[in-house]
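The values are calculated or read from the model by the stated rules, or taken from the named source; none is laboratory data. A quick note: this is a predicted structure, and the numbers were derived from the prediction, not measured. Glycine also receives a Cβ, built like all others from the backbone with ideal geometry; neighbour counts cover every protein chain displayed. Just so you know, the surface numbers come from the protein's heavy atoms only, side chains and all, with ligands and any DNA or RNA stripped out. Shrake-Rupley method; radii C 1.70, N 1.55, O 1.52, S 1.80 Å.
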Amino acid sequence: MTIERAVRPAGPYALALCMRHATDATRHVRDGTLTTAVRMGDRVEVATARQLVDGRVVLRGQSDEGLERLRFVLAIDADHSEFLRRFGRDPMIGEATRRFRGLRVLRLSTVAHALLRAFCGQLIEARRARQLEARIIRATCERVDGSDLSAPPTTATFAAMAPMRLRALGLHARRAAALVRICRSLELERLHELPTEVVAARLGRERGVGPWTVGVVCLEGLGRSERGLVGDLSLVKLMSDLRGRWVEGHETAELLEPYGDWAGLASLYLGLSYQHGLIPLPGPSRADRPPAFFRTAPAAP
């Protein structure tokens, strides 16, 4: 049985913007349609979304529960109108809020997938990180029946795995050990029930987990915008350009401080502003150059 619904997003929403870099092992974008595997406990379904010219988004799935999960993944109900109003004249992201006003962060179907993405992305270029993530998921998760998509990983997926297996697939040994350790000690989906500060404190106690990892889990796994991507490579380059010297990752917290509870979404808009040259810089841009710590000590794959 297939269920189809046309829903109107809360606030400005542009699916085309949201899914520009959405393709991974569990979903793909073709002809303006997002096709994704969504997980509800032990059950996995394939669902699709496309946007009509009148702004409504057509959702198709196999069950009501699957469509509700798809709404979460798409951030359909995460109205960011307040963000656009508050920062429309911001010197750093104001222009980006006007050019990309319908942009939101797509979520992942499981928190375990978000944690894997965070560990894969530590100090690695985005393209390499996504390749590593896809390799691990395709090797460790079952294929969804009737599709070319892999099922989203769960906490149990990695809890049952030896760190050496992840290392053999390309994940750095320390990150592999941290991922398995966390999944063996904590059911990650239960983080949905906890306040963001509690989630940040709990994950932050783990070796190998820093503010950037917490930010990725909160933003893409839990759908929360309060935690910024402190230490994100694009923010490191942006702040280095503004300071005239290479900065350390932790220094980028200063960039995100003005955005308060919107720091997670602001991280995305700051990166876009920098990428599109919307922020006046005092000198040549470092956008295409890796920072010193990345050049001299890149993370092992």
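Do we have any residue at all in segment 17-25 that's more than 18 Å from GLY271 (Cα to Cα) and in contact with a strand residue (DSSP E or B) (Cβ under 6 Å, 6 or more places away or on another chain)?
yes
Which of the helices (runs of 4 or more DSSP H) found entirely inside segment 11-119 contain at least 1 residues meeting this: modelled with pLDDT under 95 and over 30 Å from THR140 (Cα atoms)?
In segment 11-119, there are no helices (runs of 4 or more DSSP H) which contain 1 or more residues that are modelled with pLDDT under 95 and over 30 Å from THR140 (Cα atoms).
From PHE72, PHE119, which residue is aromatic (Phe, Trp, Tyr), more than 22 Å from LEU255 (Cβ to Cβ) and surrounded by fewer than 20 Cβ atoms within 10 Å (Cβ to Cβ)?
Exactly one of PHE72, PHE119 is aromatic (Phe, Trp, Tyr), more than 22 Å from LEU255 (Cβ to Cβ) and surrounded by fewer than 20 Cβ atoms within 10 Å (Cβ to Cβ), namely PHE72.
Does THR26 satisfy the criteria of being within 21 Å of PRO152 (Cα to Cα), more than 17 Å from the chain's Cα centre (by Cα), of a type in the set (S, T, N, Q) and open to solvent by less than 50 Å² (accessible area, probe 1.4 Å)?
no
In segment 208-238, what residues are over 21 Å from ARG174 (Cα atoms), over 12 Å from the mean Cα position of the chain (by Cα) and open to solvent by less than 30 Å² (accessible area, probe 1.4 Å)?
LEU235, VAL236, LYS237, LEU238 - these are the residues of segment 208-238 that are over 21 Å from ARG174 (Cα atoms), over 12 Å from the mean Cα position of the chain (by Cα) and open to solvent by less than 30 Å² (accessible area, probe 1.4 Å).
Residue under question is ARG205, and the condition is that it be among the basic types (Lys, Arg), without any contact (Cβ under 8 Å) to a residue 60 or more places away in the chain and crowded, with 24+ Cβ neighbours inside 10 Å; does it hold?
In short, no.
Tell me whether segment 49-60 contains one or more residues that are under 29 Å from ALA129 (Cα atoms), charged (D, E, K, R) and open to solvent by less than 70 Å² (accessible area, probe 1.4 Å).
no
Taking segment 30-45 only, how many residues are of a type outside the set (D, E, K, R) and surrounded by fewer than 17 Cβ atoms within 10 Å (Cβ to Cβ)?
4
When the residues of segment 210-226 are narrowed to those that are among the hydrophobic types (A, V, I, L, M, F, W, C) and in contact with a Leu (Cβ under 8 Å, 6 or more places away or on another chain), which ends up nearest to ASP261 (Cα to Cα)?
Among residues in segment 210-226 that are among the hydrophobic types (A, V, I, L, M, F, W, C) and in contact with a Leu (Cβ under 8 Å, 6 or more places away or on another chain), the one nearest to ASP261 (Cα to Cα) is LEU219.
Residues of segment 8-20 being open to solvent by 20 Å² or more (accessible area, probe 1.4 Å) and touching a residue at least 12 places away in the same chain (Cβ under 8 Å), which ones?
Selection gives ARG8, ALA10, GLY11, PRO12, TYR13, ALA14, ALA16, LEU17.
For ARG143, work out the one condition from (1) out of contact with any strand residue (DSSP E or B) (no Cβ under 7 Å at 6 or more places or on another chain); (2) open to solvent by 70 Å² or more (accessible area, probe 1.4 Å) it doesn't fulfil.
Failed condition: (1).
Take the conditions modelled with pLDDT of 95 or more, open to solvent by 30 Å² or more (accessible area, probe 1.4 Å) and within 19 Å of the chain's Cα centre (by Cα) and apply them to ARG127. Does it pass?
Against the criterion (modelled with pLDDT of 95 or more, open to solvent by 30 Å² or more (accessible area, probe 1.4 Å) and within 19 Å of the chain's Cα centre (by Cα)), ARG127 does not qualify.
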